[in-house]
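Take a look at the structure set out below.
Just so it is clear, none of the values below were taken in a lab; they were calculated from the coordinates. Only a predicted model underlies this, so the values are computations on that prediction, with no experimental measurement involved. Glycine gets a Cβ as well: all are built from the backbone with ideal geometry, and neighbour counts include every protein chain shown.
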Amino acid sequence: MSLPEHIAAGETGYDRVLRFSIPGRNARGRVVRLGPVLDTILTAHDYPPPIRRLLAEALVLTALLGTLLKDEDSQLTMQAQTEAGVVDLLVCDYRNGELRGYVRHDADRLAMLGRDPSLFALFGKGYLAITFDLATSGQRYQGIVPLEGSNLAEACESYFAQSEQVPTLIRLGIGDGAAGCIGAGILVQHLAEGEEGRERLHVKLEHPEWEHVAILAGSTRPEELVDPDLSLEALVWRLFHEEPEVRVESGAMLERGCRCSIAHYQSVLTRFPESERIEMRNAAGLIEVDCAFCSKLFQIEA
């Protein structure tokens, strides 16, 4: 199958997102491929392979969901917590094209699970919370769903079905080798009352237009998503080239965005009573703060 010249010449780089919509099917979507940004976040900690893959998937999902935000300075936060799970906390967030993420886990219990533990083995009984903080209105929307299914993508699909009543399909691909980690994904949604921006009056999960789009998008293979020689434009064309119209728009470049700084932590510490700040001091009279996201250690004057 030959690609049109302008599509074949599309950008094949990493750390970018492509927005697209299919007006005739009342559908919209995002495709993202992470490379150096993903490696930067993952190498901040010495994560074992199962945790690296889990966090890579979570960061791709965070990028896909975060780019649904329209207003500058709005934030998407995805957090998974469990009751006595091997992984007891996973948190990622997106704001203005910046990503960060962190996983806290029990290394000894993880070693007993083998090389490819299931989602349930990692989390046990847990839940996924997805929060949208909207900068313009100051409103916060949060949905919480059980951590069920074979991967985090299925839990996110459940979030949109249960909390927002938006039919959603997500496919992910993770490639982790000697050259580093590549993470990519595609998200497609059905907007029942028309194109993006129109009010949704009702949702039909079994709408024939959505079934058609879901079948096409669901055929995406993980190896296609992580293929560095296949541009995101070409991937969308492969899936939907028979549609009368597909609109594409390049989104912002993505980067690692840990917001830790001495000034930030000084501001946080001022909220504690002086007696508690005194107890936090080390022998040198400084308060040490370890950023969980980027693994930097800050020494702050109390």
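If a helix is a whole DSSP H run, which ones in the chain reach 20 Å or further along their own axis (Cα) and hold a mean Kyte-Doolittle hydropathy of at least -0.5?
Taking the DSSP H segments of the chain (at least 20 Å long, mean hydropathy at least -0.5), we get 49-66.
Would you please put 128-134, 76-82 in order of how densely packed they are, using the mean number of other Cβ atoms within 10 angstrom per residue and starting with the highest?
76-82, 128-134
For segment 262-301, treating each Cα as an identical point scatterer without solvent, what Debye log10 I(q)/I(0) comes out at q = 0.34 1/Å?
So the normalised log intensities work out to -1.22.
Amide H of Val166: which non-local residues (sequence gap of 5 or more, or other chain) have their own amide H closer than 5 Å, using H built in the peptide plane?
Ala161
Computed from the mean reciprocal separation of all distinct C-alpha pairs, what Kirkwood hydrodynamic radius does segment 13-256 have, in Å?
The Cα-based Kirkwood calculation yields 18.3 Å.
With a sphere of radius 11 Å drawn around the Cβ of Thr82, what net charge do the other residues whose Cβ falls strictly inside it have (Lys, Arg +1; Asp, Glu -1)?
-1
Report the far tail of the P(r) of segment 69-181, meaning the percent of Cα-Cα pairs longer than 24 Å.
Of all Cα-Cα pairs in segment 69-181, 32 percent lie more than 24 Å apart.
Normalise the Debye intensity by I(0) for segment 1-148, one equal point scatterer per Cα, no solvent, then take log10 at q = 0.09, 0.13 Å⁻¹ and round to two decimals.
Those come out to -0.35, -0.69, one per q.
Can you give me the C-alpha center-to-center distance between segment 232-302 and segment 75-129, rounded to a whole angstrom?
17 Å
For Glu301, what is the net charge nearby, where nearby means another residue's Cβ is under 13 Å from its Cβ and Lys, Arg count +1, Asp, Glu -1?
Result for the neighbourhood of Glu301: +1.
Give the peptides 56-66, 266-276, 141-151 in descending order of average Cβ contacts within 10 Å, highest first.
Highest mean packing first, the order is 56-66, 141-151, 266-276.
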